[in-house]
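Shown next, in structure tokens, is the structure this report addresses.
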Amino acid sequence: MKLARYIMVRVCAATLVCAVVLLGLGFTFEVIDEVGNASPGYGFGQAVWYSVLSIPSAFVRDLPLIGLLGALTGLGSLAGTSELVAARAAGMSLSRLVALACVPGLVAGVGAVAMSEWVVPGTERAAESYKDASLGRATNDQWVRGLWHRDGERFVNLEAAEQDAIRALRWFEFAPNGELVRSGSAREGIAGTAGWQLDRAQIATLMGDRIAVASGVSVTLPIQASPVSLYQAADSGVAQRPSELWALYQQLERSGLSTQRAQLGLYQALLLPVLILALVFAGAGFVLGPLRSSPIGTRLFIGIVVGLSFKLLQDIAGPVTLVYGFNPLLAVVIPGVLAVALGAMNLRRT
């Protein structure tokens, strides 16, 4: 039990060191990049604070690479001092060694999913709002303007909304044959889980050769996604909570629209612990297999190459699935399967 705890602590410490180094480098490059775009009101101090607010999203984004490097350096340091040989001599199996190396990555992955829900979207939007305010631009991260959304045979034009508060909205309802049957508008409302509840709406209904108009009525549009999540769905670079992606997926599916982008974001967020485990497994395969007697520099170089290749494959697979209509799950699973296959191939050589 003490030996297992010792191995986990060593891998966890190595992962923490890799996280600090990698995030520190990313933070430095981010500050340099932001300072290069300095302008009146946005100088070095503002660039540093903007980069600080960007650290949580960078941590979640780089966590698979951090887990891989942590496994390589942690297990590699144990191998370099022959402690892994002693552990095997004490009766610890190869599979148990790999499992112990995966524990820190699994814990970090679960924590990253929680950060994706409660931390990253807020800090990323706060960073952009702070930058806009420093540059004297309007902070519009929670404002939605000019959004068009199809909900079955209903087309909704959200002219203005602040978070869940609707300020101006119009909608048009069509018959299956394409004829306009009803239109409406509202100047206030609230977007809730049960739908968008509009107050003091005006509705015009086409009835043959006349139009019936009703004013001051309350209407609920069965749209369960928030205006902000619908607006951000068109921008893959904007962080969204898994809960927002799930609500968006349900809304798009109910409306008969493409759900691939929402599915891709949801799979990437929820399967992050699995992807981290796959890369840690690959790293353990390198250390316990062909790299067990290699110097630390070689292990780090191999880890960076594998991690960057994994990231590149992910970045390519996502857009490819969206363009060609493949299942978005493939874009998340295939890189992980390849990492596991690489680790298994190396472990078989021990």
Margin query: Return the residues of segment 140-185 that are within 19 Å of residue 222 (Cβ to Cβ) and among the charged types (D, E, K, R); say none if nothing qualifies.
Written below: 150, 151, 153, 154, 164, 170, 173, 182
Checklist line | In segment 6-43, residue nearest to residue 62 (Cα to Cα) [restricted to those that are aromatic (Phe, Trp, Tyr) and free of Cβ contacts under 8 Å to residues at least 12 places away in the same chain] | finding: 29
Next item on the list: Tell me which residues, restricted to segment 322-350, are surrounded by 21 or more Cβ atoms within 10 Å (Cβ to Cβ) and either within 17 Å of the chain's Cα centre (by Cα) or modelled with pLDDT of 95 or more (or both).
Entry: 328, 331, 332, 335, 336
Next item on the list: Would you tally the residues in segment 162-194 being farther than 21 Å from residue 143 by Cβ, of a type in the set (Gly, Ala, Ser), surrounded by fewer than 16 Cβ atoms within 10 Å (Cβ to Cβ) and at pLDDT 90 or above?
Entry: 1
Note to self: Checking residue 100 against (1) surrounded by fewer than 21 Cβ atoms within 10 Å (Cβ to Cβ); (2) modelled with pLDDT of 90 or more; (3) within 23 Å of residue 340 (Cα to Cα), only one condition comes out false. Which one?
What the structure shows: (1)
Notebook entry, point to check: Conditions: (1) of a type in the set (A, V, I, L, M); (2) more than 21 Å from residue 118 (Cβ to Cβ); (3) surrounded by fewer than 19 Cβ atoms within 10 Å (Cβ to Cβ); (4) in contact (Cβ under 8 Å) with a residue 12 or more places away in the chain. Residue 58 meets all but one. Number of the miss?
Noted result: (2)
Next item on the list: Of all residues in segment 54-96, count the ones that are among the aliphatic types (A, V, I, L, M), more than 19 Å from residue 347 (Cβ to Cβ) and part of a loop (DSSP other than H, G, I, E, B).
Entry: 1
Item checked: Among residues of segment 297-339, those that are closer than 21 Å to residue 264 by Cβ and of a type in the set (Val, Ile, Thr), counted -> 8
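The values are calculated or read from the model by the stated rules, or taken from the named source; none is laboratory data. This is a predicted model, so every value here is computed, not measured. Here Cβ is always computed from backbone atoms with ideal geometry, including for glycine, and neighbour counts include all displayed protein chains.
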